[in-house]
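The values are calculated or read from the model by the stated rules, or taken from the named source; none is laboratory data. Bear in mind the structure is a predicted one, so any value in this text is a computation, not a measurement. Here the Cβ positions follow ideal geometry from the backbone for every residue, glycine too, while neighbour counts run over all protein chains shown. Just the protein is used for accessible areas: all its heavy atoms, side chains included, with ligands, DNA and RNA removed. Shrake-Rupley method; radii C 1.70, N 1.55, O 1.52, S 1.80 Å.
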Amino acid sequence: MADFLPRRRFLPLLGLPLLAMARLAHAAADFPSRPVRIIVPFTPGGSSDILARAVGLELGQSLGQPVIVENVPGAGGTLGSERALRSPPDGHTLFMGHTGTLAVNPWLYPQLGFDPLKAFAPVALVARVPNVLVLDPSVPASNLTELVAYSQSHPERLAYGSGGNGSAAHLAMELLKLQTGLKALHVPYKGTAPSVNDLLAGQVQMLFTGVPALLPHIKAGKIRPLAVSGRQRLSQLPEVPTVGQSGVPGTQGFEADQWYGLVAPARTPAEVVQRLNARTNDALGAPAVAQRLGSEGAEPTPATAPAFGALIAREKARWEAVVKAAGVKAE
């Protein structure tokens, strides 16, 4: 595995002066002493933004300081990552990371300049958003077994859309292709919405993306759901099996959910991380937050900071194999 060590001047990760460390320790006792900022590396309105605002509102009330969401889109989330890493490691700047920014980008951007496992301190896992595999109704397959067989006998007839090269929808489908032998052409779009629109228009035949963008069209009968990406069925679609329940060889234990969580610059004091973890987990249990996340098809997933860190490490290693095997390249 490649080792992306910090190389840029803006990364304050390797050896804070003793005086600065002492100041951080003193500041931890008074945390938070000013508003807390959550950097979202994408435009407003997406899942990262919605989750940050829902959790941030409740978190601010608990901390006694406003929580401000700052959108810093660009370069697949790397611009927002860099903005967060330029911030003092005192807990007042958090970063809403997700599968792509924390586990996939190191393999898509070889010149990234930092390893998320070393550059960030995990704070709190926030939510999972399952993906759903859906088809244009014209495709003659009522389950995953039939879809795989059809694709292998008619490889030129199937194309799948995604929100872009290296997106969660792209990688979920590539993982499915690797494990099942499914044959389909990838058509990347600039975002999830246009990929859904082209599925509805019959320009592509498949998508494997987050449930919020697909559920209204599934309920309207415009697209056919075949399988969900997690290890459990969705309450919104109880009749749809998981990929692992499909009976297709090699899919047992299949999982390709999207996940989101808060991280802070490395060397943020442990007591600050612990306080933020506890308050974030409390926020995830608030009825208003649970309702808002549920409306987005997201499942609140409170966990300890070390457990979140272990998830990032596992996912980083897992998606490295997928990116390399499928030859995925950044746009």
*Answer from GLY253, GLY309, GLY244, GLY261 - the residue that is in contact with a Ser or Thr (Cβ under 7 Å, 6 or more places away or on another chain), open to solvent by less than 50 Å² (accessible area, probe 1.4 Å) and closer than 30 Å to LEU175 by Cα*: GLY244
*Output the residues belonging to region 39-57 that are in contact with an Asp or Glu (Cβ under 7 Å, 6 or more places away or on another chain) and touching a residue at least 40 places away in the same chain (Cβ under 8 Å).*
ILE39, VAL40, SER47, ILE50
*Which of (1) in contact (Cβ under 8 Å) with a residue 60 or more places away in the chain; (2) small (Gly, Ala, Ser); (3) assigned to a helix (DSSP H, G or I) is the odd one out, the single condition ALA310 does not satisfy?*
(1)
*Does THR251 qualify as being at pLDDT below 95 and either of a type in the set (Phe, Trp, Tyr) or part of a strand (DSSP E or B) (or both)?*
no
*Among the residues of region 188-212, which ones are open to solvent by 40 Å² or more (accessible area, probe 1.4 Å), without any contact (Cβ under 8 Å) to a residue 60 or more places away in the chain, not in a loop (DSSP other than H, G, I, E, B) and not acidic (Asp, Glu)?*
THR192, ALA193, PRO194, ASN197, LEU200
*Please work out which residue is surrounded by the fewest Cβ atoms within 10 Å (Cβ to Cβ), limiting yourself to region 213-225 and to residues that are under 22 Å from the mean Cα position of the chain (by Cα) and in contact (Cβ under 8 Å) with a residue 40 or more places away in the chain.*
LEU215
*LYS316 is checked against (1) surrounded by fewer than 20 Cβ atoms within 10 Å (Cβ to Cβ); (2) in contact (Cβ under 8 Å) with a residue 60 or more places away in the chain; (3) among the charged types (D, E, K, R) and fails just one. What number does that condition carry?*
(1)
_Considering residues of region 261-300 that are of a type in the set (Val, Ile, Thr) and at pLDDT 95 or above only, the residue nearest to the chain's Cα centre (by Cα)_ = VAL263
*Working carefully through the options THR280, THR268, find the one that is in a loop (DSSP other than H, G, I, E, B) and open to solvent by less than 40 Å² (accessible area, probe 1.4 Å).*
THR268
